[in-house]
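As structure tokens, the structure follows; a few thoughts come after it.
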Amino acid sequence: MRPAGSERPLWDGLRRERIVAGYTGRSLVMAGGIIGMAALAAYYGIAHIGDPPQGGGSIAGQVQIAPHLADQVKPTDVLFVIVRRPTGPPRPIAAKRIDGPQFPVEFEITAADVMVKGSELKGMVDVIARLDRDGQAGQPQPGDMEGRYAKNPTLPGGRDLTITIDKVY
């Protein structure tokens, strides 16, 4: 029951609560959509287009070989450190070739290692190291070995990436 002297009917208060609850629900949905769009923008590297460089545009670290594979490394092997998009075509954005690697191997991939003119090292990327038997870039062949950065996908600008080669094709 309503208190004496109240001029508004009971249903008016309930309607107001439903309207407020509706706005709150829509606000949460809108906030979720904005967060989702921001995540996509960061994923594709467009979230910080106008920002000054923050050490991005390069990726550096070290490639190691798993102890159980160390005796399989040959002096003629070639190490490729490959940067590519986690989704989309498997072609690399950038790659570094290191002949006759002596593990652990330090690497740095910069804009000079970008393979397609106009491409940039920005947005989310996967970083992979492949020890290649025939020295030819491309799909892995039997005997090739590979490792991935444990925190893939990652953003360029990282200076302390560690990749352990631990897989044999």
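The values are calculated or read from the model by the stated rules, or taken from the named source; none is laboratory data. What you see is a predicted model; the values in this text were computed from it and never measured. Here the Cβ positions follow ideal geometry from the backbone for every residue, glycine too, while neighbour counts run over all protein chains shown.
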Qualifying positions in the range 136-160 - surrounded by fewer than 11 Cβ atoms within 10 Å (Cβ to Cβ) and in contact with a strand residue (DSSP E or B) (Cβ under 7 Å, 6 or more places away or on another chain)
159, 160
Within the group 52, 90, which residue is in a loop (DSSP other than H, G, I, E, B), modelled with pLDDT of 65 or more and not small (Gly, Ala, Ser)?
90
Failed condition for residue 99, given (1) at pLDDT 90 or above; (2) touching a Phe, Trp or Tyr at 6+ places or on another chain (Cβ under 9 Å); (3) exposed (fewer than 14 other Cβ atoms within 10 Å of the Cβ), with all others met?
(2)
When you go through 92, 67, 75 one by one, which is the residue that is buried (at least 17 other Cβ atoms within 10 Å of the Cβ), assigned by TED's automatic domain parsing to the domain that holds residue 151, without any contact (Cβ under 8 Å) to a residue 60 or more places away in the chain and not hydroxyl-bearing (Ser, Thr, Tyr)?
92
State yes or no: is residue 109 aliphatic (A, V, I, L, M) and under 14 Å from residue 156 (Cα atoms)?
yes
Out of 63, 73, report the one residue that is out of contact with any His (no Cβ under 6 Å at 6 or more places or on another chain), over 19 Å from residue 161 (Cα atoms), among the hydrophobic types (A, V, I, L, M, F, W, C) and at pLDDT 85 or above.
73
